[in-house]
Structure formats: structure tokens, C-alpha cells
Amino acid sequence: MIKLAPSILSADFANLGNDIKKVESAGAHYLHVDVMDGNFVPNISIGMPVIKSIGKITSMPLDVHLMIEKPQRYLEDFANVGADIINFHVEACDDIQNALNKIKSLNKKSALTVKPNTDINTVLKYVEQIDMVLVMSVEPGFGGQKIITETLKKVSDLASYIYKNNLNVEIEIDGGVNIDNVSTVIDVGANVIVVGSSIFGADDITNSTTEFLNIFKKYG
């Protein structure tokens, strides 16, 4: 199943509650929440109070993408405020196994993220024990970037590995996905599609969400 995960990084926070309800009513599957600390990436976004508030107005699973240094320090805190999927960067964590064990103990889904230049082999030894791998198709930190097409090979290689080993692991892609290239990223193996500005930056959020979902229906 192809799933849509609108990213609130591109949202107008003055209308955030209403806009989240629009994507949920239209049929989005996850809500992607980017947390940035200004150290791991050169930007600062939202934190735990906002996530806690979002959780009160939506039943969509919160896919919390931690773009922060040493994410293991805050795993329990993010779980407590409502993160359903805790997604952290392999480049930012000095003890990946311990962090994954912690997420499991919190009864949350775990995901590992790789930057565009990170070798996908970095995550393969953990794939059997996680729920999702996020491949960044832009440099993390800012919305509105163009997709780095070379990252699609990484998605394809990961999809082949998961298929050959008969694993139940989702492949998420984040960065530069729009209505014109979404079929391409699905065709190479991604099944959780993060979309930011093409949904929350659109004139009609509901129609834009529906447009993506209509494409997804072609894949069953």
C-alpha cells in the first residue's frame, strides 16, 4: 500500500489545526513532523509542546522525524508527547542499537533515516528490527528543495534487499516530491511518500492531497 505523509514543515502555523484536519479528511495516512535542533541541521523547527498539541486534534499516526544530535537523549520524551513513529538519523546517533532497543521498549515504531550522501548499507544490518527506513532525497533542514535524483538508486537498492529477504519494512522518501515526480519515486520502491510544499503550500490543500491519493490508487 502506498501511503501519504504530508509534512507540516511547509504548513502555515497560523492555520495548522484546520489544515491538518483537511489532509486527514482527504485520506492522508501519516502526519510527518520534522524536529530540527539547529545543530544537526542548520535550521530550528518545532518541539514537544507542538507535537503534544497536534496529537489532540488528529488520529493520524505521527511520524516524528528527529533531525537532532544524539536523539537517544529524547526518545522517551517524544514517545510521551505522542510520537507514533520515532525516526532518527544514523549520522546523528552514536549508539543506534541502544536507541532502537529504547524505542521498542516504549512500544513505538522505529525508523532510521539516511542523508543523500550516506551509504544505504549503513542501515541494512538494522533493517530486520525496524519498521521503516527514510531516504532523504534532499539535504535535510529546509523544505521546498528539488529532489536529488541520484537518491532514487538508494531507494531501489533498499527495496530489492527488503524483497529478497521477505521483510515487512516500509520505505519512506522525503524531499522534493511533487505531483510530477511522485510516480517515479513509487516505481523505484518507496511506499511512504512525504510531501510538504506541494500540499501545505498549495492553494487548495484538500484538492492537492486528493490528487496525490488518486495517483496512489493506481498502485492498488
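Every read-out reported here was derived from the displayed coordinates using simple, explicitly stated rules and does not represent laboratory data. Every value quoted in this text rests on a predicted model; they were computed, and no experiment measured them. Note that each Cβ is placed from the backbone with ideal geometry, even for glycine, and that neighbours are counted across all protein chains shown.
Contact order for region 148-220, expressed relative to its length and based on alpha carbon pairs under 8 Å spaced 6+ residues apart, stands at 29 percent. A prolate overall shape is assigned to region 136-214, the ratio a/c of its alpha-carbon gyration tensor axes (a ≥ b ≥ c) being 1.5 or greater and a/b exceeding b/c. The lysines within cross-link reach of Lys104, meaning a Cα-to-Cα straight distance under 28 Å and a gap of 8 or more places when in the same chain, are Lys3, Lys52, Lys56, Lys70, Lys115, Lys125, Lys154, Lys164. From the Kirkwood radius over Cα pairs of the chain, Stokes-Einstein at 20 °C and 1.002 mPa s returns a whole-number translational diffusion coefficient of 125 µm²/s.
Legend: calculated FRET efficiency, Met1 to Glu91, from the Cβ-Cβ distance at R0 = 22 Å, rounded to 0.05, equals 0.15. Full extension of the segment from Lys153 to Ser59, taken as 0.36 nm per residue of separation minus the current Cα-Cα distance, would add 30.5 nm.
Calculated FRET efficiency, Ser183 to Ser25, Cβ-Cβ distance, R0 = 35 Å: about 0.90 to the nearest 0.05.
Among beta bridges identified by DSSP and lying wholly in the chain, the antiparallel ones come to about 5 percent. Taking each residue as 0.36 nm, the span from Lys217 to Glu76 lengthens on full extension beyond its C-alpha to C-alpha distance by 47.1 nm. Annotation note: trypsin sites (Lys or Arg not before Pro) in region 128-211 located in DSSP loop regions with a Cβ neighbour count of at most 15 within 10 Å are Lys146.
For region 3-217, the relative contact order works out to 22 percent when only alpha carbon pairs closer than 8 Å and six or more residues apart are counted. When both region 1-71 and region 188-204 are represented by their alpha-carbon centers, they are found 13 Å apart. Between Ser105 and Val50, the modelled label-to-label distance comes to 2.9 nm, taking each label 7 Å out from Cα in the direction of the beta carbon.
Potential lengthening of the chain between Asn15 and Lys146 amounts to 44.6 nm, from the contour at 0.36 nm per residue minus the alpha-carbon distance.
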